[in-house]
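This report refers to the structure that appears directly beneath it.
Just so you know, all these numbers are worked out from the coordinates, no wet-lab data involved. From a predicted model like this one, the values you see are computed outputs, not experimental measurements. Virtual Cβ from ideal backbone geometry, glycine too; neighbours counted across all protein chains shown.
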Amino acid sequence: MSDSELPMESVQIVAEILRLFRERGDSEYGGESITQAEHAFQAADLALENGADSTLVVAALLHDIGHLLHNLPDDAPDQGVDDEHEELGGRWLEKRFGPAVTEPVRLHVAAKRYMCASDPEYYNLLSEPSRVSLALQGGPMSAEEVAEFERNPFHEAAVRVRRWDDEAKIVDKVTTPLEGFVEHIERALALS
Ligand SMILES: [Fe+2]
């Protein structure tokens, strides 16, 4: 699809996303040795490698968009501050995309709390910054919270995004460039 065939709004949303990554994507990914943009592109590539559709590829790409929307320091969790980036990102996304993109993003922190409660191996896989933020985010879910999470129709998508999120921390990994994800953003917008 060429730009001229897209409704104006879609063109603007694609431009907004590209601008956010170009202007803010170089910031450090919370205590890890990679940038926000590198982390996002690795997560989206993992989605593609695992056969995800465009809405889930875009959810993976934009799962931490909330970090690009606030001005808290990169090491906020070390200062004991939960930036609530999943809520910020979810609110920003719901004005632009449907729930297949928005909900896995909103739930990706809950998914970490869920997996820590339901998979004993999972906690051991978490990086140190991820463990620090887990405590701030409420720690592992209670049995009641697990049951409620499993009732959410997007919980499996959120767990998939979470696993790609956790793996997308490889220093100097070559990824699809930002422009390579535009077709998926357009497709996800068309489905929203
Ligand atoms: Fe992430």
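Mind listing the long-range amide H neighbours of T35? Cut-off is under 5 Å, sequence gap 5 or more, other chains count too, H placed in the peptide plane at 1.01 Å from N.
HN-HN under 5 Å from T35: Y29.
Give me the dipole magnitude in Debye, nearest 20, for the chain about the Cα centre, with unit charges on the beta carbon: positive for Lys and Arg, negative for Asp and Glu.
260
Taking the Cβ-Cβ separation of E183 and E144 as r and a Förster radius of 30 Å, what is the calculated FRET efficiency to the nearest 0.05?
For E183 and E144, the calculated efficiency is 0.15.
Could you sort the peptides 105-113, 142-150 by per-residue average Cβ neighbour count (10 Å cutoff), highest mean leading?
Result, highest mean first: 105-113, 142-150.
V11 versus Q79, label points 7 Å from Cα toward the beta carbon: distance in nm?
4.0
Spelling out what I want: for every residue of the range 22-34, take phi, set θ = phi - 60°, compute 6.51 cos²θ - 1.76 cosθ + 1.60 (Karplus), and round to whole Hz; glycine and proline get x.
With coefficients 6.51, -1.76 and 1.60, one gets 5, 8, 10, x, 7, 5, 5, 7, x, x, 9, 8, 10 Hz.
What FRET efficiency comes out for V171 versus R91 if R0 is 35 angstrom and r is the Cβ-Cβ distance? Round to the nearest 0.05. Display every interim value, and only then the final one.
Working: r = 31 Å, r/R0 = 0.90.
Rounded to the nearest 0.05, the efficiency is 0.65.
Between E156 and L18, what length in nm is gained on full extension when 0.36 nm per residue of separation is reduced by their alpha carbon distance?
Result for the pair: 46.9 nm of gain on full extension.
May I ask you to derive the FRET efficiency for A135 and L191 from their Cβ-Cβ distance with R0 = 35 Å, giving the value to the nearest 0.05?
Computed FRET efficiency for A135 and L191: 0.45.
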